[in-house]
Amino acid sequence: MKWRCQVCGYTHDGDQAPERCPKCGAPRDKFVQIDVDAANLIERSRMGNGLLCRLISASEELLGLAEAGIRDNLDPTCVQLYKQLTARATELRQAAKAEIAAHMSKGKWG
Ligand SMILES: [Zn+2]
């Protein structure tokens, strides 16, 4: 069975809800049982959103690389390449953030 804290959204697996929410300290009566489909959606979302967070970090890493490459200024074609990288990594980061925001508005954020 799955239980969800109505105060903070923490989810708990077990035969009954915990005595106190480990996240926010709310008592057991603040927990409601959630159906398995909703619980699966939360699990799925957590994984998908985790991947998006990694995509954001990866984009930020690429932006750092691009900045270093532009600063290095070895030759004009290199700088051109790093400028393209800046533009694409910025786009990716924006897209990943927008996707996370869309998930949150659809309740796919546990
Ligand atoms: Zn809680």
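No value in this document is a laboratory result; all are computed from the given coordinates. Source: prediction; values computed, not measured. Cβ atoms come from the backbone with ideal geometry, glycine included; neighbour counts cover every protein chain shown.
Some observations on this one:
- Remark: relative contact order (the chain) = 25 percent; criterion is Cα-Cα distance under 8 angstrom and separation of 6 or more residues.
- Against the main long axis of the alpha-carbon atoms of the chain, helix 36-72 sits at an angle near 20°.
- Dividing the helix sum by the residues of the chain, where each DSSP H run of 4 or more adds -39500 (n - 2.57), gives a mean residue ellipticity at 222 nm of -22000 deg cm²/dmol.
- Arranged from fewest to most other beta-carbon atoms within 10 Å of their beta carbon, 97, 106 become 106, 97.
- Under a Gaussian network description of the chain, with springs only between Cα atoms under 10 Å, the residue in 11, 90, 77 that fluctuates furthest is 77.
- Tail fraction, Cα-Cα pairs, the chain, threshold 18 Å, whole percent: 63 percent
- Between residue 51 and residue 71, the simple spin-label model (points 7 angstrom out along Cα→Cβ) gives 3.3 nm.
- Considering only 93, 44, 28, the Gaussian network model of the chain with Cα springs below 10 Å gives its largest mean-square fluctuation to 28.
- Overall, the chain carries a charge dipole of about 280 debye about its Cα centre when +1 sits on the Cβ of Lys and Arg and -1 on the Cβ of Asp and Glu, all other atoms neutral.
- Fewest neighbouring Cβ atoms within 10 Å first, the residues 24, 5 line up as 24, 5.
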